[in-house]
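Asks: Please read through the structure below; I'll follow up with questions.
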């Protein structure tokens, strides 16, 4: 070709013609050759030890923890140990915090308010409403989280948790999820907000969204006490005293297992419908085992997980406390807002095998599952007008004796069906506001936040409705 | 308290209604949404596409073939053609009709949108092969020219759609490659898949189920009028000639280059065995392919199956000093040459 006749037009035309000849995947090939070249340079510069050690400790441990015979029992034993340490270890500091913040500090603060001459309603709003709700959340939430998170982080740091994901991946694969969802789900048993943050380890967009949306089905720390209390009062009471503990424990475990089943079911449904088009990749690195750095782990898990979650919970508990107190104290024609709401929701609640009090408690206690039971108790006293229990309108409380509590619930019209459905609804309802906010922060999407919030409520309503009708049908026949 | 039996029945009825309305794909709501999209413009554009297809395949478009392709009555097609003629997109001459220059340019833009959207679905989303064509049939009518250019730029101005069909450029240029149908390839000649016809759907579904993909190397072992037997992607496949005809090939040089060797799948390694990576199959695309390359699974890399999980899937492989778990579906897409123990 001669130079004087070459114009930009010609060059463009040549380029256009050549474009069809380079093949459809030249971008891929280019990228691949760049990676390959980079790998070649790296290989030339890095020297690796000539011979493998005769005894490879990592592989030996791996063979044990991923073996057919020992893999699953070992995993169950370790998780049970972590849960047992959390529950047993949190008992004492929880009681101590509750004594300090609720029984001791609260009357002092209220007395102080009277001394400096605050009007009764400001005093009530501040110390019976906002302070009490926040203190309650802290005393129930802080100790288990301060134990559970460091333990969990230690296992993670040691390198064991990726092996759990490796063992369980096949189960999660079948429902379109990632093996690491086992980890975020376990974290969710501690706190759903932390569980949602923990899904960051899943680097595939579709599987991560599934893990975020289904995390709420892991029964969190704030809901365990509700489950245990109701199971003890109503289900344990069905059998002789020496079997009561076993039966109520089994029913709580059954609810937790049901939650895991629901999370598999929902994962399966989501991956086949709304999330079908999201990008999905899988990779799971099994890092070498290393001795955990204990102090660093405790420090980061306390700062990163416990304190952040606690701080968010406090921010949401403060206004919730105010709303609870105000709703019970602002009255129109002698009837408080709370009572209006309860009367309004009661027919729907009864249809679902619950009652208006429970529905209202779940609405005002969206900020924290920890305060559902104290709110239910307070509202029950408000509605039934029971005397001798409680600390006044809008003041949450809990009773020490089981007999007193059963009596109060029965005065509120509770049956065994109410108890069972309360346990189911406690498992299947919207995540607390801390978790909702965290989901929004993690997904940056209103759509997924709404789906993760409304899907469990809808399922809870459907399940309790179904159970209530079938229960009544059977009870009618018997 | 309402009678529990009645409330159960009412709830059941509501659920049935909801399913009827919102069942994925077939629910009334989705059907209504789809039919709302079926505007006059969609029919016009589909008609142009059909006439263009006929011209490429040297067939004469007729009112009947149009009616069959668009699922309309003959009268409706007649009025549709009248409109197209009025807009000078189609020239009608008695019973014959053909595209005008502007009609052809219009048709090429629709085809461009269709094939770009298929490329997008293949590279940047998680939708499976079976859904590409149907979705592109909807979106080709909804993308504006500006959106099409932006999509093309974002995808790196691809030349071919995932089935191997060329994508017309913004100026309407298009070049079709010569290709040999798999049914007429001689035995033992190395070749590469450059095209897989995506219609009819049932045939395409069978080819997808065989795991065939544009870019894979093929070697035929037996070719008769009853069946075609060939190796591809580390497996032996058998297809009826009628179906194999939907796979288009280009010949490779007699001595295949390293990356065109057939090799085995990574999953064929038992724990403890190792191999050297030849490459990733063309089926792995987008994020999935990049992830594996990020992990260092590249041509020439030594890879060893180190252990299986209790269920056998995923398995853990040692690559460049790291231990990485891969699912069988992924490991199936990595081709290797088996190597004996390091000696």
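Asks: Roughly how many whole Å is it from the C-alpha centroid of the stretch A:326-344 to that of the stretch A:145-168?
Replies: Result: 47 Å between the Cα centres.
Asks: Using alpha carbon centroids, what distance separates the stretch A:26-40 and the stretch B:264-327, in Å?
Replies: 18
Asks: Could you check the simple spin-label distance between residue A:299 and residue B:189, using points 7 Å along Cα→Cβ, in nm with one decimal?
Replies: So the two model labels end up 7.0 nm from each other.
Asks: How high is the FRET efficiency from residue B:39 to residue B:19, r the C-beta distance, R0 25 Å, rounded to 0.05?
Replies: Efficiency for this residue pair is about 0.30.
Asks: Just to be sure I understand: with springs between alpha-carbon atoms less than 10 Å apart, which residue in B:315, B:47, B:153 has the highest mean-square fluctuation in the Gaussian network model of chain B?
Replies: Greatest mean-square fluctuation among the candidates belongs to B:153.
Asks: Can you give the average number of partner chain beta-carbon atoms within 10 Å of each beta-carbon in peptide B:302-311, as a whole number?
Replies: Partner Cβ neighbours, averaged per residue: 5.
Asks: Need one value for A:36-46: mean number of C-beta atoms belonging to other chains within 10 Å of its residues' C-beta atoms.
Replies: Going residue by residue through A:36-46 and averaging, the value is 3.
Asks: Let me ask something else. Determine the shape class of the stretch B:91-214: with a ≥ b ≥ c the square roots of the Cα gyration tensor eigenvalues, call it rounded for a/c under 1.5, and otherwise prolate if a/b is greater than b/c, oblate otherwise.
Replies: oblate
Asks: Would you mind checking the tilt of helix A:181-190 against the longest principal axis of the Cα atoms of chain A, expressed as 0 to 90 degrees and rounded to 10?
Replies: Computed tilt is about 30 degrees.
Asks: What is the gain in length, in nm to one decimal, between residue A:108 and residue A:416 on full extension, counting 0.36 nm per residue of separation less the C-alpha to C-alpha distance?
Replies: Between residue A:108 and residue A:416, full extension yields 107.0 nm more.
Asks: Which value results for Rg/Rh of chain A when Rg is the Cα radius of gyration and Rh the Kirkwood radius based on the inverse mean 1/r?
Replies: We get a ratio of 1.10 for chain A.
Asks: What shape does chain B take by its C-alpha gyration tensor, where a ≥ b ≥ c are the square roots of the eigenvalues and a/c under 1.5 counts as rounded, a/b above b/c as prolate, and the rest as oblate?
Replies: oblate
Asks: Could you estimate the translational diffusion coefficient of the stretch B:263-339 from the Stokes-Einstein equation, with Rh from the Kirkwood formula over C-alpha pairs, at 25 °C and 0.890 mPa s, in whole µm²/s?
Replies: Rounded, D is 204 µm²/s.
Asks: Past the 53 angstrom mark, what percentage of all C-alpha to C-alpha distances in the protein assembly as shown do you count?
Replies: 31
Asks: Output the 0 to 90 degree angle, nearest 10, between the alpha-carbon long axis of helix A:308-329 and the longest principal axis computed from the alpha carbons of chain A.
Replies: 30
Asks: Could you work out the mean count of beta carbons from other protein chains within 10 Å of each residue's beta carbon in A:274-284?
Replies: Partner Cβ neighbours, averaged per residue: 6.
Asks: Given the -39500 (n - 2.57) contribution per DSSP H run of 4+ residues, what per-residue ellipticity at 222 nm results for the protein assembly as shown, rounded to the nearest 500 deg cm²/dmol?
Replies: Calculated from helices alone, the mean residue ellipticity at 222 nm is -18000 deg cm²/dmol.
Asks: While we're on this one: Compute the long axis of helix B:101-124 from its Cα atoms, compare it with the longest principal axis of the Cα atoms of chain B, and write down the angle in degrees, 0 to 90, nearest 10.
Replies: 40
Asks: On a C-alpha basis, how far is the centre of the stretch A:62-140 from the centre of the stretch B:152-187 in Å? Whole number, if you could?
Replies: The stretch A:62-140 and the stretch B:152-187 have Cα centres spaced 64 Å from each other.
Asks: Apply the a/c threshold of 1.5 to the C-alpha gyration tensor of the stretch B:191-343 and tell me whether it is rounded, prolate or oblate.
Replies: Prolate, since a/c reaches 1.5 and a/b exceeds b/c.
Asks: If only Cα atoms are counted, what is the Rg of the stretch B:180-251, and what is its Dmax, in Å?
Replies: Final numbers for Rg and Dmax: 10.6, 30 Å.
Asks: Next question. With N set to the number of residues, divide the alpha-carbon radius of gyration of the stretch B:28-99 by 2.2 N^0.38 Å and report two decimals.
Replies: 1.16
Asks: What's the FRET efficiency of residue B:6 with residue B:28 using the Cβ-Cβ distance as r and R₀ = 35 Å, to the nearest 0.05?
Replies: My answer for the efficiency is 0.85.
Asks: Continuing with this model, one more query. Just how many % of Cα pairs in the stretch B:6-152 lie over 23 Å apart, if you round to the nearest whole percent?
Replies: 48
Asks: How many nm separate the modelled label positions at residue A:257 and residue A:403, each set 7 Å beyond the Cα in the direction of the Cβ?
Replies: Here the answer is 3.4 nm between the modelled labels.
Asks: Under the 0.36 nm per residue contour assumption, what length would be gained going from the current alpha-carbon distance of residue B:142 and residue B:179 to full extension?
Replies: Length difference between fully extended and current span is 10.1 nm.
Asks: Say R0 is 45 Å: what FRET efficiency, to the nearest 0.05, do residue A:99 and residue A:47 get from their beta-carbon distance?
Replies: 0.10
Since every read-out is calculated from the coordinates, none of them should be taken as a lab result. Note that the structure is predicted; figures quoted are calculated from it, not measured. Every residue, glycine as well, gets a Cβ built from its backbone with ideal geometry; the counts of neighbours run over all protein chains shown.
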